[in-house]
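None of the figures in this text is laboratory data; all of them are computed from the coordinates on show. Because the structure is predicted, anything quoted here is derived from the model rather than measured. Cβ: placed from backbone, ideal geometry, glycine included. Neighbour counts: every protein chain shown.
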Amino acid sequence: MKLKEPCILTLNGGSSSIRFSVYEADGTLRRRIEGKIDRIGVSGTILTVATDGKKPTSLRLAKGDYEAATDFLIDWLEAQPGFPLLHAVGHRVVHGMQHAEPERITAGLLKELRAIIPYDPDHLPCEIGLIEAFRRRYPKLPQVACFDTAFHRTLPRVAKMLSIPRRFAAQGVERYGFHGLSYSYLMEELHRLDPKVAKGRVILAHLGSGASLAAVRGGKSIDTSMGFTPTAGLVMGTRSGDLDPGIVGYLARADRMTSSRFQRMVNHESGLLGVSEISSDLRDLLAKEASDVRAAEAIALFCYQAKKWIGSFAAALGGVDALVFTGGIGENAPVIRERICDGLDFLGIELKPRRNATNAPLISKNKSCVQVRVIPTDEQIMIARSVACLLGLGSSRKD
């Protein structure tokens, strides 16, 4: 691989993984490298990478903690022949409080991010660690924070408010919403496919191990299922989604459950995994659905909750012009899309079975009042576009 133009590195740091891509800012933001480090913090930590769309290769890491994985990634990048052309790093930052636009990372912004770690203890420490590692090794290299909450800063006040004592709002306790980079990409793609529909009433469904929905009107987010944290809303792989807050007090009394133990339960032991007692992966559950009632009930709960959120957002929007599925489940699970949409014909949502079965880009019937689409998301390109636009590198548009 021979790089000729200035490059942008994009980083998406999770609690147990780091996804990354390298783009040439040659006017089209061409992706040249794509990879990830998986299983950080457990045995078998591995780097998988593909260059120019070729077959991926893998390297096993000797140490599996987050700091070691970060250093390993930087060392690997340094060894690539095009590394001197790296001009900037863009980071997905899950929580950005009131930030509505990508921002160049400064000492002040880093201080602010450290201060809000209690808002998102699962993601922010990892993301901050990545930022600091690159600052130590390359202090003059520009870094940009792209906030997952930014897309939802257009929420009307009534959608942001929580019905708890008003004094907590002054501390920033409100509904924020997440998956914003994914939703931004989907809206750009929908605008390219059908500008009129994109300006109308749109429901976006990002369904993966993390799952949420967003209601968009006139291109702006007016509501979303996740709230103060990414734990809220839909049933997810290991997250509970919405719960009766009285459960906290009950478990504290009956099970002597501490707040930290409760947080671990609702974020890492609940959702599809907790209900099924089998797996957090919907593919595993579909394979066992016919023989294990726990798997069947977990799937039914997931689909039922998604259907309810679509109905509630249709009410908030005053109707629906388009429903868009994305994420690992949304893009690749026809049976789940079918079950979620079953019975929603009263909203004008009608799927064409053959299109749905093949994951076609448009899966609704021709006569359907609502366009139902499958659009593969691309958070990495959204980060690269944001960096390119902010720093004036190449083009902020996709080829």
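A few points about this structure:
- What the phi angles of segment 293-310 give under the Karplus curve with 6.51, -1.76 and 1.60, with θ = phi - 60°, is a coupling list of 4, 5, 5, 4, 5, 5, 5, 4, 5, 4, 5, 5, 5, 4, 4, 5, 5, 4 Hz, glycine and proline written as x.
- In a DSSP loop and with at most 12 other Cβ atoms within 10 Å, the trypsin sites (Lys or Arg not before Pro) in segment 37-83 are Lys54, Lys63.
- Overall form of segment 307-399 per C-alpha gyration tensor (a/c, 1.5; a/b vs b/c): prolate
- Taken as Cα centroids, segment 338-386 and segment 76-97 sit 33 Å apart, rounded to the nearest whole angstrom.
- Residue-wise HN-Hα couplings along segment 329-335, as the Karplus relation 6.51 cos²θ - 1.76 cosθ + 1.60 with θ = phi - 60° gives them from phi, are 7, x, 8, 10, 10, x, 5 Hz; Gly and Pro carry x.
- Shape call, segment 1-135: gyration tensor on alpha carbons, a/c limit 1.5: oblate
- Cα-based shape type of the chain, given that a ≥ b ≥ c are square roots of the gyration tensor eigenvalues and the cut on a/c is 1.5: rounded
- Taken as Cα centroids, segment 232-262 and segment 18-73 sit 34 Å apart, rounded to the nearest whole angstrom.
- Excluding same-chain neighbours fewer than eight residues apart, the lysines reachable from Lys36 by a Cα-Cα span under 18 Å are Lys54, Lys55, Lys63.
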